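Written out below as structure tokens is the structure these notes cover.
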Amino acid sequence: MPVTPPNPGEAPSQQERQHQADQETELQKLGDLPGLKEDELKEVTDDGKVLDQSAAEIAKNLGKILTMKTDDLIAGYRDRSIDFVKDFAKSLEVEHQIFSFENELDVSIDRLMKNDPSAKSCTYCGVFRRTLINKAGREVGADKVAVGHNLDDEAQSVLMNVMRGDMKRMSRLAKSSPSFVRRIKPLKNIPEKEIVAYAVINSIPYFDGECPNSFNNARRDVQTLLNEMERKYPGTKNNIINFYRKLPAIPIETSPVVCAKCGEPSSHEVCKACELAEKARK
């Protein structure tokens, strides 16, 4: 995706910078074991770079830092991005682990699309990825998992939930459940184009490929819409996020149960990951 140079007039507000500072503070608490999970290397390597810049100062205060990646087995895409992550983690002397859809769930996105070309692969991939992030974080003993979601991702999620009228999912954007390893988002207030610009300026290698299955889904349409609105009306993405954060708490009570099949936390007897994995294996 072409990257527009940052507009100097779009500096984040004091409130947004404070949110960023709060996230960074979470990483520096004594005894924490952050797991760093990569969605895209252009996000991940910058997450790693931020941590690496402070490594000399905070390494002795952190129990351990490691990177994790979920492998959805999309040939020609995920395998290439994994190579970037492996090399970058090695350059930082950071442990790296891969959690595969195949090994953990006995599914692959390529096989799913071959069997059912009309399947909405992003739905499957998103559910599987969230499940594996939690499982992987628990297995490595992480206190927190830092994900690479940026401001663009957050604005897209808010708008998608509004379009779907999904109050339950909207409430989960700002809350963490004791049933899950806590996720933090150090880059959540930084626009994607600024992250890419930072990587280029600092000669940080990044993978800029796009998933071949991602061009027929709601998020792609919302991404295109928001990019166009941002071009015409600078600050649109920030305004969406600020509006969301000013909303009063949404009183939706949930009582997670344990999935009868896999033992992971779920809102139903059988979790969504098991339900979709069964469909994908048919």
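In table form, for the structure just shown:
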{"read-out": "Among (1) in contact with a helix residue (DSSP H, G or I) (Cβ under 7 Å, 6 or more places away or on another chain); (2) modelled with pLDDT under 85; (3) in a loop (DSSP other than H, G, I, E, B) - the single one Met170 does not satisfy", "value": "(3)"}
{"read-out": "Any chance Gly141 is part of a helix (DSSP H, G or I) and either at pLDDT 85 or above or more than 17 Å from Ile241 (Cα to Cα) (or both)", "value": "no"}
{"read-out": "Val107 vs. criteria under 23 Å from Gly263 (Cα atoms), β-branched (Val, Ile, Thr) and surrounded by 15 or more Cβ atoms within 10 Å (Cβ to Cβ)", "value": "yes"}
{"read-out": "Residue match in the stretch 212-224 (condition: of a type in the set (Gly, Ala, Ser) and over 30 Å from Asp110 (Cα atoms))", "value": "no"}
{"read-out": "Options Phe128, Phe99; residue that is touching a residue at least 12 places away in the same chain (Cβ under 8 Å) and part of a strand (DSSP E or B)", "value": "Phe99"}
{"read-out": "Leading residue by the ranking (farthest from Ser81 (Cα to Cα)) among those in the stretch 214-237 that are assigned to a loop (DSSP other than H, G, I, E, B) and at pLDDT 80 or above", "value": "Tyr233"}
{"read-out": "In the stretch 82-94, the residues that are of a type outside the set (A, V, I, L, M, F, W, C) and at pLDDT below 80", "value": "Ser91, Glu93"}
{"read-out": "Sole exception among (1) of a type outside the set (Ser, Thr, Tyr); (2) in a helix (DSSP H, G or I); (3) touching a residue at least 12 places away in the same chain (Cβ under 8 Å); (4) surrounded by fewer than 15 Cβ atoms within 10 Å (Cβ to Cβ) for Ile240, by number", "value": "(4)"}
{"read-out": "Where Ile74 falls short, out of the listed (1) assigned to a loop (DSSP other than H, G, I, E, B); (2) surrounded by fewer than 18 Cβ atoms within 10 Å (Cβ to Cβ); (3) among the aliphatic types (A, V, I, L, M)", "value": "(2)"}
{"read-out": "Candidate set: the stretch 188-204, residues that are in a loop (DSSP other than H, G, I, E, B) and at pLDDT 90 or above; chosen: the one surrounded by the fewest Cβ atoms within 10 Å (Cβ to Cβ)", "value": "Lys188"}
{"read-out": "Qualifying residue in the stretch 114-133 (condition: surrounded by 21 or more Cβ atoms within 10 Å (Cβ to Cβ), aliphatic (A, V, I, L, M) and modelled with pLDDT under 85)", "value": "no"}
{"read-out": "Lys168 being in contact (Cβ under 8 Å) with a residue 60 or more places away in the chain and crowded, with 20+ Cβ neighbours inside 10 Å", "value": "no"}
{"read-out": "All positions within the stretch 105-125 that are assigned to a loop (DSSP other than H, G, I, E, B), hydrophobic (A, V, I, L, M, F, W, C) and closer than 18 Å to Asp79 by Cβ", "value": "Val107"}
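The values are calculated or read from the model by the stated rules, or taken from the named source; none is laboratory data. All of these numbers come straight from a predicted model, not from anything done at the bench. All Cβ positions, even for glycine, are placed from backbone atoms using ideal geometry, and neighbour counts span all protein chains on display.
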